[in-house]
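A short reminder: the numbers here are calculations on the coordinates, not readings from a lab. For clarity, every value in this text was computed on a predicted model and none was experimentally measured. When we count neighbours, we look across all protein chains shown, and the Cβ atoms used for this are built from the backbone with ideal geometry, even at glycine.
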Amino acid sequence: MALLDIHVLGSPILREPTRPVDEVTDELRRLVDDMFETMHAAKGIGLAAPQVGRSERLFVADVDDNPLVFINPEIVLAEGKAKGEEGCLSIPEVYGDVERAARVVMRGLDREGAPMEVDATELLARCLLHELDHLHGRLFVDYFSLLKRRSAMSKWEKEKAKYPALRRALISPKDLADQHNEEAL
Ligand code: K1U
Ligand code: ZN
């Protein structure tokens, strides 16, 4: 498995629509496994293919120790409204409230290519909708009011300086521990 770089706001792929997956191959399953490893290293609860520079229509999520893979996801039902705070691994340090459906039923294919359906509320529903947006080139800041968006973008302009290549490189938990051990010597 491998840690993948995460593309940050400004990288064109985050604004491009994805293409449906025709066949679930071993290569795609390797991508899914790498995305899980990357999401966990980044302490996220979701990660969509464009965030790691890929244009396949798929995402991974893990809310409350419930790992999910959605390939070619579609909404079956969305009802109610709920406001809640969101962040995005592609826009570090920017947070804000977004109103979304309170309940969502989503269907797609799992890691083996088998049809699956999930009925979600609360943080899982929010996460699935946030990830689905990534597959359509939409980001959570697109829902902000003009004023809130301006302040979020001014924060991001300062933060962005840390990512000149518009990529975030992650460090694995093992390498992080090794680094601390070396510093302690
Ligand atoms: O797609 C992403 O950028 C991942 C993003 C997903 C997400 C977070 C919060 C609400 C909806 C969707 C993250 O995981 S950012 C990390 C984060 O803010 C968070 C982590 C654990 C619980 C709640 C938020
Ligand atoms: Zn995101």
Exercise. For Ser55, what charge total do you get from the other residues with a beta carbon under 12 Å from its beta carbon, if Lys and Arg give +1 and Asp and Glu give -1?
Worked result: +2
Seminar exercise, completed: Asp64 and Asp110 label points (each 7 Å along its Cα→Cβ direction) are spaced in nm at 1.8
Exercise. What is region 98-185 by shape, rounded, prolate or oblate, if you read a ≥ b ≥ c off the alpha carbon gyration tensor as root eigenvalues and call it rounded for a/c under 1.5, prolate for a/b larger than b/c, and oblate otherwise?
Worked result: oblate
Exercise. Which of these, Leu147, Leu89, Leu139, has the largest mean-square fluctuation under a Gaussian network model of the chain (Cα springs below 10 Å)?
Worked result: Leu147
For this session: Can you tell me how much longer the chain between Arg29 and His180 gets when fully stretched, taken as 0.36 nm per residue apart minus their C-alpha distance, in nm with one decimal?
Result: 51.1 nm
Seminar exercise, completed: Expected unfolding gain across Leu146-Leu77 under the 0.36 nm per residue rule, minus the alpha-carbon gap, is 21.9 nm
Seminar exercise, completed: FRET efficiency for Glu85 and Ala161 from the Cβ-Cβ distance with R0 = 22 Å, rounded to 0.05, comes out at 0.35
For this session: Count the net charge of all other residues whose Cβ sits under 9 Å from the Cβ of Ile6, scoring Lys and Arg as +1 and Asp and Glu as -1.
Result: +1
Exercise. What's the extension gain from Ala169 to Lys43 if we count 0.36 nm per residue and subtract their Cα-Cα distance?
Worked result: 44.0 nm
Problem set entry | GluC sites (Glu not before Pro) within region 82-185, DSSP loop, no more than 15 other Cβ atoms inside 10 Å | Glu93, Glu112
For this session: Counting helices only, and only those DSSP H runs with n ≥ 4, report the 222 nm mean residue ellipticity of the chain as the sum of -39,500 (n - 2.57) divided by its residues, in deg cm²/dmol to the nearest 500.
Result: -10000 deg cm²/dmol
For this session: Find, to one decimal place in angstroms, the Kirkwood hydrodynamic radius of the chain, where the mean of 1/r is taken over every pair of different Cα atoms and then inverted.
Result: 17.1
For this session: Please sort through the DSSP H helices of the chain and keep those with an alpha-carbon extent of at least 18 Å along the long axis and a Kyte-Doolittle average not below -0.5.
Result: 122-135
